[in-house]
Amino acid sequence: MPRYQAPLDDIRFVLEDLLDVGQEANMPGFEEMTPDIFFQVIDEGAKLCEQVLFPLNQSGDAEGCVFDQGEVRTPAGFKEAYRTFAEGGWTGLACDPAYGGQGLPELLNFVVEEMICSANLAFGMYPGLTRGVHNALDLHADEAIKRRYLPRLIDGSWSGTMCLTEPHSGSDLGLVRTRAEPAGDGSYRVTGTKIFISAGEHDLTANIVHLVLARLPGAPGGTRGISLFIVPKLLPTDDEGGLGARNEVTCGAIEHKMGIRASSTCVLNFDGATGWLVGEANKGMRAMFTMMNAARLAVGIQGLGLAEVAWQNARAYAGERLQGRALKGAKCPDQPADPLLVHPDVRRMLLTQKALIEGGRALAYWVGLAIDRAEHHPDPKVREADNEFVALMTPIVKALLTDIGFDVANLAVQVFGGAGYIRESGVEQYVRDARITQIYEGTNGIQALDLVGRKLPQNMGRLLRRFFHPVAEELAAVMAGADPVLIELATPLAKAFGRLQTATTTIAFKGLEDPDEAAAAASDYLRLFGLVALGAMWLRMAKVVQARPDHPLAASKLATARFFMAKLLPETSGRFAAIMAGAKTVMAGAAAAL
Ligand SMILES: Cc1cc2nc3c(=O)[nH]c(=O)nc-3n(C[C@H](O)[C@H](O)[C@H](O)COP(=O)(O)OP(=O)(O)OC[C@H]3O[C@@H](n4cnc5c(N)ncnc54)[C@H](O)[C@@H]3O)c2cc1C
């Protein structure tokens, strides 16, 4: 049976020692968010995840969702768990207090989301999407729509979906064909088919609120002609949650899929369904991007959560399973064999997992804190800088952490050996569940294009400085200092950082002449950037424990930092070489290969 225990020690280390979470309470609107409150909420969330959500993860996967004449049944126990979740206020954690949300910091929300995704990713999809709809409406809808929908989305009695994808329109949303015709009374009639819609139909909530991308009559082609509509499954009759007629939106089928089987993935047919415009006509992509940017970070957190639970199981198994002897003599001579943990190759796998997860957690939470600063810091210059930092790091967090989620889950299967391939172990589910995170919310290839095509050139490279400057300063300070341990760690990081800087200018210049050059380098560049970011996190963590050698995690952090710099950071050399090799072997020169 798989196990999960929220990694509270490491969470506390990142929040308290690395990020100084006490600064949250200095920001207007978060005065009550002292570290004590943070940890109270996290402790409660941990209990919920361990005791309510995690026990339903394997059974939910085995049972899956069931489609029955337009209705979808979630697996046994999901309804009760959802009720407990909503009644506990978890659906409204970081939501707008003006409509009943708790308005807690995004950083705190990141921590809770990580634990939810470790415990039961498929369950987490339902409230996760609702949160995205909340964000889009909160920023872009008019007051009447907000009053009618937000309180119900926040208290969890209604849920939300994002309806972008159509059979012929996935990464390229400019191809969306769904139409919206004005009905003459301020509403619209929405017609079209959306596919792969997560939480599109289910039995957890009284109503489902769809946010739909569609085209108005005469709208320009491509993404410039797309508008956003709110289309509820049941039409509200008032602002108090009253529900009337069934709208003309039906679930035609659910997908049978590789992972997250307890999350319904639906074909939705809109047949002249009643909807209302959200935001301005033809500006739907802007509004949807609000939702997608938050959702991209949330999907990165999904990768982190899955990696954590997979690693915990691999680590435990490696300590229990007895096979072979340590090469330099038996470690457990009274046993028939030593535990897997003694073998260098198993240690390599476990340390790889640990280094990626803890570095990834530090990076993700740093971005979470930056979101809070971007929204709440009293100094507008700080708000602007943090806003740019979040924009830069969003595709990196999404793609890097979901790749980590899949790779770490895959390594967990390897650590388990044959047992890992068997359902009962529970770890093969993590591989299957992790795979989709690399695809939805914009594939990781699309994230890489966003990084090189939009974020890199934006404001003449100003976004990049939000990461490059602090890292350059920290490296310079360590190298000028007298701590040989930190200098040992910073030396390879400084070289990798140099590669990242050279790769950045090379891509920027070559890309100006030939866009294929930038696009062909994009995925290697995102990985190079991500590894340098993880290295920067490990240097920071090492600095913390060098200053506090009595910290209970000091030895573990230092050992893992050394492992990361020596064994994982060298991947940057290979990525750098691939970037510098340019596009010719991919494009023109490779015409004969495909
Ligand atoms: C389980 C599940 C849940 C989902 N939930 C939702 C949901 O709730 N709402 C929703 O709207 N959608 C949802 N999706 C859809 C998902 O977001 C899309 O599948 C995803 O965006 C990719 O689109 P596509 O499948 O059409 O692939 P395609 O766009 O056809 O891409 C195929 C491949 O080509 C690459 N590619 C495409 N275009 C380019 C390009 N210009 N440059 C370089 N490479 C490119 C992609 O990276 C990918 O590797 C879900 C999908 C699944 C499977």
Fill in the blank from the handout: Exactly one of Tyr149, Tyr99, Tyr126 is crowded, with 24+ Cβ neighbours inside 10 Å and more than 27 Å from Thr402 (Cβ to Cβ), and that residue is Tyr149
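What number of residues within the range 195-219 satisfy the criterion of being among the β-branched types (Val, Ile, Thr) and either open to solvent by 10 Å² or more (accessible area, probe 1.4 Å) or away from the ligand (no atom under 16 Å from the Cβ) (or both)?
2
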Practice task
Would you confirm whether any residue within the range 417-431 is modelled with pLDDT of 95 or more, surrounded by fewer than 24 Cβ atoms within 10 Å (Cβ to Cβ) and under 30 Å from Asp516 (Cβ atoms)?
Solution key: no
Handout entry: the range 161-194: number of residues that are assigned to a strand (DSSP E or B), near the ligand (Cβ under 9 Å from one of its atoms) and touching a residue at least 24 places away in the same chain (Cβ under 8 Å)
Key = 5
Handout entry: Pairs with Cβ under 9 Å, 6+ apart, first in the range 570-594 and in the same structural domain as Leu526 (by TED's automatic domain parsing), second modelled with pLDDT under 90 and in a helix (DSSP H, G or I)
Key = Ala583/Gly589; Lys584/Ala590
Fill in the blank from the handout: All conditions in (1) touching a Cys at 6+ places or on another chain (Cβ under 9 Å); (2) part of a loop (DSSP other than H, G, I, E, B) are true of Pro333 except (1)
Practice task
Answer yes if at least one residue in the range 453-475 is closer than 22 Å to Ala307 by Cβ, touching a helix residue (DSSP H, G or I) at 6+ places or on another chain (Cβ under 7 Å) and either within 16 Å of the ligand (Cβ to nearest atom) or open to solvent by 20 Å² or more (accessible area, probe 1.4 Å) (or both), and no otherwise.
Solution key: no
Practice task
Check off (1) acidic (Asp, Glu); (2) on the phi > 0 side of the Ramachandran plot; (3) open to solvent by less than 10 Å² (accessible area, probe 1.4 Å) for Glu441 and give me the number that stays unchecked.
Solution key: (3)
Completion exercise
By residue number, the members of the range 143-157 that are touching a residue at least 60 places away in the same chain (Cβ under 8 Å) and not small (Gly, Ala, Ser) are Ile145, Arg147, Arg148, Tyr149, Pro151, Arg152, Leu153, Ile154, Asp155
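The values are calculated or read from the model by the stated rules, or taken from the named source; none is laboratory data. If you're wondering where the values come from, they're calculated on a predicted model, not measured in any experiment. Cβ: placed from backbone, ideal geometry, glycine included. Neighbour counts: every protein chain shown. The accessibility values were calculated without ligands, DNA or RNA, using every heavy atom of the protein model including side chains. Shrake-Rupley method; radii C 1.70, N 1.55, O 1.52, S 1.80 Å.
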